[in-house]
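Inspection log for the structure reproduced underneath, given as structure tokens.
Read-outs throughout are calculated quantities, based only on the coordinates presented, and are distinct from any laboratory measurement. None of these values were measured; they are calculated from a predicted model. FYI the Cβ positions are ideal-geometry reconstructions off the backbone, even for glycines, and counts take in every protein chain you see.
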Amino acid sequence: MGNKTYNWAVLGCGKIARKFSNDLKLLPNARLYAAASRDYKRAQDFADEFGYEKAYGSYEEMVNDQNVDAVYIATPHSFHREHTLLCLNHKKAVLCEKAFAINKKEAEEMVACAKENNTFLMEAFWTMFQPSFRKALEVIQSGELGHLKMVRSDFAFNGPYEPQKRLYNIALGGGSLLDIGIYPVFAALTSLGKPESIKTITDFSSTGVEESISMLFQYPGGEMASLSSSFASYSPVQTEYWCEGGYLVLNTRWHAPTSITINRAGEKPEIWPSMHKEGTGYQYEAEHVMKCLDEGKTESDIMTWQLSIDIMETLDRIRKNAGIVFPDHD
Ligand SMILES: NC(=O)c1ccc[n+]([C@@H]2O[C@H](COP(=O)([O-])OP(=O)(O)OC[C@H]3O[C@@H](n4cnc5c(N)ncnc54)[C@H](OP(=O)(O)O)[C@@H]3O)[C@@H](O)[C@H]2O)c1
């Protein structure tokens, strides 16, 4: 850890900004500096609750504060491009929530803007920084379980049907795919890479957003991924890596801090308990951002720009196969 303390701002005072702020407090080199909302009172209430020093009633006012070093963008998917460009053009380091953008074109524009401004940008894919996920990847990539043949991953919960809110609102980039289906897609991409072909089955809600989706990926070596997400039911929220010599399970709520079970063929399962100690698990990504800034980097070498673009490209391919369209963006 370097000597610098970074002044963080949250852009958008919604649900995830609350969880992130609680975890940010765990980092000694992070100062909770500014809360920015479209509404001044909401910003002030948020700032009071979490201990932010300043409150701004518009995002524009916040980015004009010279003391803000890093911004956590916590708005709906449809605004990630706009808000990322706003921050980068004011030379603020950006940690932008997933889904990084609505499509690959927007993601590429965001990366180009980071390069032009020589300013840090990273997608807030918190799973990438979880000790349990990193351990699972290490075991799979080491080859100790043999060749990886299949990834099976799910993420579903029975979400409230609120047509105006972001989960079911097409104008806000709604639907299960960009919100939670992105996690199973991430599990496949980080282990097997980009698929050769994709097949989908989809169920749409009455607002026109996709509510449930099943995806099958095929790879040139015969490897496969079977992935699903839904707002219509609960699921185990588990990821399994099926290998020639056994299988590894990232246990339930696999995308968050969790335990791992390694099943070697013919042997008793080995359990790796969760290595996570405190908070919800958002501190790891914020800690990594500050390490990158200490080292003068504009891009993470763990959650790279290319990976964010590859995820968006794969989501575009899935949407094309499934007939999912965001009319304001596509
Ligand atoms: N990593 C994770 O575990 C995780 C978990 C949940 C969500 N997320 C991601 O975090 C982002 C936000 O999700 P959330 O659940 O926090 O959403 P949320 O509770 O609806 O909050 C989004 C915030 O965005 C701001 N906003 C700006 N323009 C808006 C508009 N036109 N309509 C609605 N809100 C608008 C609002 O803040 P102000 O009114 O204060 O400006 C709002 O409170 C999404 O990208 C989501 O995928 C990540």
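Rounded to the nearest Å, what's the spacing between the alpha carbon centres of the range 171-227 and the range 71-144? Just the number, please. About 19 Å separates the Cα centre of the range 171-227 from the one of the range 71-144.
Evaluated over the Cα positions of the range 155-313, the convex hull gives a direction-averaged projected area, one quarter of its surface, of 11.9 nm².
Using a Gaussian network for the chain with springs between C-alpha atoms less than 10 Å apart, which of these wobbles most: Phe100, Phe155, Phe50? Top of the fluctuation ranking is Phe50. Only helical runs count toward this figure. For the chain, summing -39,500 (n - 2.57) over DSSP H runs of n ≥ 4 and dividing by all residues gives -9500 deg cm²/dmol at 222 nm.
Return the FRET efficiency for the residue pair Ala232, Asn22: r is the Cβ-Cβ distance, R0 is 35 Å, and the value is rounded to the nearest 0.05. E between Ala232 and Asn22, to the nearest 0.05, is 0.75. Net length available on complete extension from Asn158 to Glu116 is 10.9 nm, with 0.36 nm assigned per residue and the Cα-Cα distance removed.
Here the label points at Thr280 and Ser58, each 7 Å from Cα along the C-beta direction, are separated by 2.9 nm in the simple model.
Using the 2.2 N^0.38 Å rule of thumb for compact globular proteins, work out how the range 230-287 stacks up: its C-alpha Rg over that value, please. If you can, show how the numbers build up before the last one.
Values: Rg = 13.9 Å, N = 58, 2.2 N^0.38 = 10.3 Å.
Ratio of Cα Rg to 2.2 N^0.38 Å: 1.35.
With the simple spin-label model, which puts each label point 7 Å out from Cα in the Cβ direction, the Asp39 to Ser142 separation comes to 5.1 nm. Residues within the reach of a label modelled at Thr304 (point 7 angstrom out along Cα to beta-carbon, backbone nitrogen below 18 Å), restricted to the range 180-194, are 186-194.
Please work out the Cα convex hull volume for the range 79-162 and give it in Å³ per residue.
Taking only Cα atoms, the range 79-162 has a hull volume of 166 Å³ per residue.
The convex hull around the C-alpha trace of the range 6-126, projected and averaged over every direction, spans 6.5 square nanometres.
Hey, can you rank 261-274, 32-45 by average C-beta count inside 10 Å, highest first?
Values: 261-274: 12.6, 32-45: 19.6.
For the peptides 261-274, 32-45, the packing ranking is 32-45, 261-274.
You can think of it this way: the chain between Arg134 and Ser206 has 22.1 nm of extra reach, that is 0.36 nm per residue less the Cα-Cα gap.
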